[in-house]
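Report on the following structure.
No value in this document is a laboratory result; all are computed from the given coordinates. Just so it is clear, the model here is predicted, and its values are computed rather than measured. Because the Cβ atoms are built from the backbone with ideal geometry, glycine has one as well, and the counts that use them run over all protein chains shown.
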Amino acid sequence: MLLHACCHNPTGADLNLEQWRTLLELLRRRRLVPFLDLAYQGFGAGLDADAAGLRLITEGLPESLVAVSYSKNLGLYRERLGALIVMGENDAAAQALQSQVLRIARGIYSMPPDHGAAIAAHIFAHPPLRAAWVIELEGMRTRIEAMRGLLAGHLRRSTGGAEFDFLEDQRGMFSQLGVSSDAVARLRERHHIYMVGDSRMNLAGIMPHNVEYVAESIASVLGA
Ligand SMILES: Cc1ncc(COP(=O)(O)O)c(C=O)c1O
């Protein structure tokens, strides 16, 4: 079962701990293997908190796969930086899994690029650099959180309703407004606001000086 560990893309709707526990029971009962995709650690509730569900699942089951991407949280999108972690029930299973993974890697790319991993290794091995990264990441996280709050507030005022309040509760870079593709086209053509056709928007792209304009534009294309 493929799961996003935090900051679900495209919806921004994350599970809470109680829901992760329910999911763990389901995975156990159905004997399913989880494949956790962790691409936004540090963008949701914080570096540690964003891995809480993942820890619960991987500690509670004999086998799991975790794909970690550092593209976003280290700002190295074009370096192809990440890792696959495969957990086996015992040593023999882990060895067998490793040989399968190596066989697949050999067939796809053979040798991974090294530059992004070398940058990450350098940062993580030097405490002052790591500490600076943690501070910068937290700055980015709280900025997105603030934009979510501001946008939800302005939308409440512009639309006179609470239908976009979910933006404030959701996490990470993305949310889906839930408006039609026609409304998305009107936003683009009339207001020069760009998002994908299914109304997924990038909250990190909003600034304090334009958040009110974005809210008013959304309200206007909806006819509020
Ligand atoms: C949930 C999720 N996983 C993985 C990726 C891609 O990661 P990478 O840039 O390491 O290929 C993305 C988006 O870029 C994503 O949203």
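Sorted from greatest to least, the principal axis extents spanned by the alpha carbons of the range 69-108 come out as 37, 23, 7 Å. Estimated translational diffusion coefficient (Stokes-Einstein, Kirkwood radius over Cα pairs, 20 °C, 1.002 mPa s) of the range 1-95: 154 µm² per second. If the segment from Val101 to Asp198 were pulled out straight at 0.36 nm per residue, it would be longer than the present Cα-Cα gap by 31.5 nm. For the chain, the spread of Cα positions along the three principal axes, ordered from largest to smallest, is 62, 43, 33 Å.
With the convex hull of its Cα atoms as the shape, the range 126-174 has an orientation-averaged projected area of 3.5 nm².
Ordered by the number of other Cβ atoms lying within 10 Å of each residue's own Cβ, fewest first, Ile85, Ile218, Ile57, Ile119 fall into the sequence Ile85, Ile119, Ile57, Ile218. Simple point charges give the picture: +1 on the Cβ of Lys and Arg, -1 on the Cβ of Asp and Glu, and for the chain a dipole about the Cα centre of about 400 debye.
Looking at the chain, the DSSP beta bridges with both ends there are about 55 percent antiparallel. The tail of the calculated P(r) for the range 92-199, taken as Cα-Cα distances beyond 21 Å, holds 64 percent of the pairs. The label-point distance for Thr142 and Ala83, in a model that sets each label 7 Å from Cα toward Cβ, rounds to 2.8 nm.
A Cα-only calculation for the range 150-218 places Rg and Dmax at 11.0, 29 Å.
By other beta-carbon atoms within 10 Å, ranking Met87, Met1, Met201 with the fewest at the front produces Met1, Met87, Met201.
Our note on the geometry: Cα centres of the range 109-186 and the range 44-73, 17 Å apart.
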